[in-house]
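Asks: Pasting a structure here, questions to come.
The values are calculated or read from the model by the stated rules, or taken from the named source; none is laboratory data. These numbers were taken from a predicted model, which means no experiment stands behind them. As a convention, Cβ positions derive from the backbone with ideal geometry for all residues, glycine included, and neighbour counts pool all protein chains shown. When the accessible area is computed, the model is the full protein with side chains, heavy atoms only, and any ligands, DNA or RNA have been set aside. Shrake-Rupley method; radii C 1.70, N 1.55, O 1.52, S 1.80 Å.
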Amino acid sequence: MGLTATQEDVKALVDGLNFAEKVERALGLIRQACETYGDRLAVAHSLGKDSCAVWDLAKRVNPDIRGFIVTTRHKPRQTVAFMHETVERYPELQVFRSDAALPERLYETDPDRCCDVLKVEPTRRAIREMKVACWVTGLRCTEGRTRTDFQEVEERDKGLVKLNPILIWREREVWQYLALNGVKVNPLYAQGYRSLGCEPCTRIATGADERAGRWVGTSKCGGECGIHTRPLTSPDGSVD
Ligand code: SF4
């Protein structure tokens with residue numbers, strides 16, 4: 001792994017660093033990744049608040065940084081409109097989606113397969129086509145029960161490093177960053193949403209678990225679409 005992986009206790013960092021220190025740490029991680037991977041680095045922009053913060057941080061480090069958006073046929077119209085606005089402003093964001101034929105309402109009967117086809121496969125394609133060696137995400141360890149076991153720098157897939165520069169940020173700190181830097185977000189947040197996904201699989205959550213409104217009523221409730229948990233490259237490190 002070319003980027004220095006820290007073995008610091010992630011939970012200790014969540015409570016031990018203040019907001020300004022977390023911003024500096026995130027900028028430092030992105031800077032180091034840019035120096036190491038150059039053009040082979042890309043930001044995965046989900047159009048959620050965390051990605052908006054990471055994209056803004058990344059642009060401060062390198063205005064030429066590129067990225068990709070994975071969208072699906074089931075995204076809410078507000079998210080689609082926000083995506084068009086975002087891509088118009090940042091044409092260096094490439095959009096990937098799957099138009100594969102799927103059974104009606106597969107998200108109710110087999111959400112894992114639905115996410116696999118509509119989210120994981122286009123993510124693999126983005127990484128392959130953009131020749132990405134390091135992808136940068138907005139994943140945070142305080143988002144919910146499935147996000148506690150991650151590191152700031154990871155190589156879960158051979159030959160593909162993942163940088164999670166705001167891993168140790170709390171929800172409040174993301175909003176603090178966005179407000180202080182005047183970063184525009186998806187208008188759905190004004191309705192009370194805290195974690196945004198596809199329309200049929202997203203509800204408003206009010207408890208401690210930010211992702212509790214995702215896939216409500218299915219075995220995936222509060223879980224993951226798979227881009228952070230499923231393999232994105234082949235075992236030999238190739239991305240074909
Ligand atoms: S979030 Fe729901 S609709 Fe979107 S890909 Fe996953 S299962 Fe399908």
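Asks: Name the residue farthest towards the positive end of the dipole of the stretch 58-128 from the options Thr72, Val61, Cys115, assuming +1 on Cβ of Lys and Arg, -1 on Cβ of Asp and Glu, about the Cα centre.
Replies: Most positive-ward Cα: Val61.
Asks: Right, next: I'd like the carbon and sulfur percentage of the solvent accessible area for the stretch 86-240, probe radius 1.4 Å, heavy atoms only, ligands and nucleic acids excluded. It would help to have the intermediate numbers written out before the result.
Replies: Values: 3590 of 7260 Å².
Here carbon and sulfur together make up 49 percent of the probe-accessible area.
Asks: Can you tell me the order of 175-186, 36-47 when each peptide is scored by its average per-residue count of other Cβ atoms within 10 angstrom, highest first? Don't skip to the end; give the middle numbers.
Replies: On the way: 175-186: 15.1, 36-47: 20.7.
Most protected by this proxy first, the peptides run 36-47, 175-186.
Asks: ³J(HN,Hα) across the stretch 149-157 via Karplus (A = 6.51, B = -1.76, C = 1.60, θ = phi - 60°), whole Hz, x for Gly/Pro?
Replies: Along the stretch 149-157, the couplings run 9, 10, 10, 5, 10, 9, 9, 5, 9 Hz.
Asks: Quick check: the distance between the Cα centres of the stretch 117-174 and the stretch 19-76, to the nearest angstrom?
Replies: Between the Cα centre of the stretch 117-174 and that of the stretch 19-76, the gap is 10 Å.
Asks: Please report the relative contact order for the stretch 1-98, taking Cα pairs under 8 Å with a sequence separation of at least 6, and give it as a percent rounded to a whole number.
Replies: 24
Asks: Report, by chain and number, residues whose modeled amide H sits under 5 Å from the one on Lys75, excluding near sequence neighbours (fewer than 5 apart, same chain).
Replies: Amide H to amide H, under 5 Å and 5 or more residues apart or across chains, Lys75 pairs with Glu199.
Asks: Let me know the shape class of the stretch 21-104, please: from the alpha-carbon gyration tensor, a ≥ b ≥ c as square roots of the eigenvalues, rounded when a/c is under 1.5, otherwise prolate if a/b is greater than b/c, or oblate. Intermediate values should be presented prior to the final figure.
Replies: Working: a/c = 2.33, a/b = 1.96, b/c = 1.18.
Because a/c hits 1.5 or more and a/b exceeds b/c, the stretch 21-104 counts as prolate.
Asks: Here's another thing I want to ask about it. When only C-alpha pairs under 8 Å and at least 6 residues apart count, what is the relative contact order of the stretch 109-240, in percent?
Replies: Working: 177 pairs, mean separation 39.2, N = 132.
In percent, rounded to a whole number, it is 30.
Asks: Only four residue types carry charge here, +1 at the Cβ of Lys and Arg and -1 at the Cβ of Asp and Glu. Report the dipole size of the stretch 70-220 about the Cα centre in Debye, rounded to the nearest 20. Please list the in-between numbers first.
Replies: Numbers: 26 positive and 22 negative charges, 19 e Å.
For the stretch 70-220, the charge dipole is close to 80 debye.
Asks: Which whole-Hz couplings ³J(HN,Hα) result when phi for each residue of the stretch 15-26 is put into the Karplus expression 6.51 cos²θ - 1.76 cosθ + 1.60, θ = phi - 60°, listed in order with x for Gly and Pro?
Replies: 8, x, 9, 8, 4, 5, 5, 5, 4, 4, 5, 4
Asks: Follow-up. Ordering Arg60, Arg66 by how much accessible area each has at a 1.4 Å probe, largest first, what is the list? Write down the numbers at each step before the final one.
Replies: Working: Arg60 120, Arg66 60 Å².
Output order, biggest surface exposure first: Arg60, Arg66.
Asks: Once you order the gyration tensor axes a ≥ b ≥ c over the Cα atoms, which shape class does the stretch 98-215 get: rounded for a/c under 1.5, otherwise prolate or oblate by comparing a/b with b/c?
Replies: Numbers: a/c = 1.70, a/b = 1.10, b/c = 1.55.
Judged from the Cα gyration tensor, the stretch 98-215 comes out oblate (a/c at least 1.5, b/c at or above a/b).
Asks: Now, a different point. Rounded to the nearest whole Å², what accessible area per residue is found for the stretch 135-240 with the 1.4 Å probe?
Replies: Working: 4570 Å² over 106 residues.
Heavy-atom accessible area per residue stands at 43 Å².
Asks: Within the set Lys119/Lys162; Lys11/Lys131; Lys49/Lys119; Lys59/Lys119; Lys22/Lys131, which residue pairs have Cα atoms separated by over 23 Å? Don't skip to the answer; put the middle values down first.
Replies: Details: Lys119/Lys162 17 Å; Lys11/Lys131 33 Å; Lys49/Lys119 18 Å; Lys59/Lys119 25 Å; Lys22/Lys131 29 Å.
The pairs that break the limit, which is 23 Å between Cα atoms, are Lys11/Lys131; Lys59/Lys119; Lys22/Lys131.
Asks: Another question about this same structure. Quick query: amide H of Phe96 versus all other amide H atoms, modeled in the peptide plane; which residues come in under 5 Å with a sequence gap of 5 or more or a different chain?
Replies: Close amide H contacts, sequence-distant or interchain: Ile69, Val70, Thr71.
Asks: Can you give me the long-range amide H partners of Val136? Hydrogens built in the peptide plane at 1.01 Å from N, cutoff under 5 Å, separation of 5 or more residues or another chain.
Replies: Ala42, Val43, Ala44, Leu163
Asks: Quick check: from the Cα gyration tensor, does the chain come out rounded (a/c under 1.5), prolate or oblate? Write down the numbers at each step before the final one.
Replies: Details: a/c = 1.36, a/b = 1.15, b/c = 1.18.
In terms of gyration-tensor shape, rounded.
Asks: Each residue of the stretch 96-103 in order: what ³J(HN,Hα) in whole Hz does its phi give by Karplus 6.51 cos²θ - 1.76 cosθ + 1.60, θ = phi - 60°, with x for Gly and Pro?
Replies: 10, 8, 10, 10, 4, 5, 9, x
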